[in-house]
Amino acid sequence: RKLVPFSARPLYPYESSGSRTLSPRLLLLWHYEALIKKRYASFLSNYLGRTLASDSSLDEYKRMALQTATDLLRDVPEGESTLLSMIANKLGDPSRKIASCAGHQLRMVLEKHPAMIQVIAREVQQLAHRPHLSSRALYNCIIFLNQLKLVKEEDDDIDNVDDDSDKKKQRRDTPSSLPASLINTYFRLFEVAIKKGKTTKNGGNNMVEGDDAGVKSRLLSALLTGVNRSHPFLPRKDAAMEKHVDALYKIAHTAPPAASTQALMLLFNLAVGTHSGGSTGPGPKSDAYNARMDRFYRALYSKVGDPSMLVGRQLTMFFNLVYKA
């Protein structure tokens, strides 16, 4: 269990009642536990925290500190939030070895405690949303989120539940699933990447613009990989991705060929392979379904005539998409 500070001990019943008294031994144990809690917090901040945060520390010391923090996080319930923040923050370390080690340590924690996946994903998402995060650190966060083991939750038909209105409202107001949270994060990061790209294009030399273009291409590919991976795990109640469709079409028309191909693959699943607009049989389809199909095929045909789509590593995926469509 977590250690309890002395200030959280129930002393007020004994202060208000003169008949009940505390034994000196119990008070001594409470005080000793409070001292252990204080010393442990000092160890985390003064040793592990400073070792991981210092720019002058060697990579070997940082790696050992990461392993110590991981062992404590897996086996000791005290200081969980502090330890998790320390490990997740090292995903943004300038050293690639330390950033890779941090991701590996977080995956080791998930192997022993799978129920912590929501907490760890939320911590990494908060790191990814920091305003002045480097592109490399953001890329590391996206790659880690893409590697999470997702499970599709069971759908609850809220409207057909024989229950009172208060419970139905409470079920609708429950937090969204992890795949839905990841997809929202991916699209917010995409908007940030687009804004940074516009800022860089307005000012900067050609060398910086070339580097930013390469980083932007890798970021878009990683973001769309995460969206494509999370989309099949969405419950039916969280499957409303129409608000992100315009952003996907913007990627398909303006992004490099690799990212454009992945955006078109996701749009194909949403527009043609969707199970909400109608069936794929010969029967009549709704106007909304036909409109989605027309918009998708216009975007696909415009990319078929683009010579840049016929060169690069995305060629096999693009031909596969054209064949399925």
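The values are calculated or read from the model by the stated rules, or taken from the named source; none is laboratory data. Note that the coordinates shown come from a computational prediction; the quantities given were computed from them, not determined experimentally. In this analysis, Cβ positions are derived from the backbone assuming ideal geometry, glycine residues included, and neighbour counts consider all displayed protein chains. With ligands, DNA and RNA removed, areas are computed over all heavy atoms of the protein, side chains included. Shrake-Rupley method; radii C 1.70, N 1.55, O 1.52, S 1.80 Å.
Exactly one residue out of LEU127, LEU110 is open to solvent by 10 Å² or more (accessible area, probe 1.4 Å) and modelled with pLDDT of 90 or more, and it is LEU110.
Selection over region 301-325 of residues that are touching a Pro at 6+ places or on another chain (Cβ under 7 Å) and either open to solvent by 50 Å² or more (accessible area, probe 1.4 Å) or part of a helix (DSSP H, G or I) (or both) gives a count of 2.
On the given criteria, is SER95 within 24 Å of the chain's Cα centre (by Cα), modelled with pLDDT under 90, small (Gly, Ala, Ser) and open to solvent by 80 Å² or more (accessible area, probe 1.4 Å)? Spelling it out, it is not the case that SER95 is within 24 Å of the chain's Cα centre (by Cα), modelled with pLDDT under 90, small (Gly, Ala, Ser) and open to solvent by 80 Å² or more (accessible area, probe 1.4 Å).
Considering region 37-46, the residues that are touching a residue at least 12 places away in the same chain (Cβ under 8 Å) and within 22 Å of MET108 (Cβ to Cβ) include one that is most open to solvent (accessible area, probe 1.4 Å), namely TYR40. The residues listed here are LEU27, LEU52; of these, the one that is aliphatic (A, V, I, L, M), assigned to a helix (DSSP H, G or I) and open to solvent by less than 20 Å² (accessible area, probe 1.4 Å) is LEU52. Of everything in region 275-300 that's more than 21 Å from SER221 (Cα to Cα) and at pLDDT 85 or above, which residue is surrounded by the most Cβ atoms within 10 Å (Cβ to Cβ)? Once the filter is applied, the top-ranked residue is MET293.
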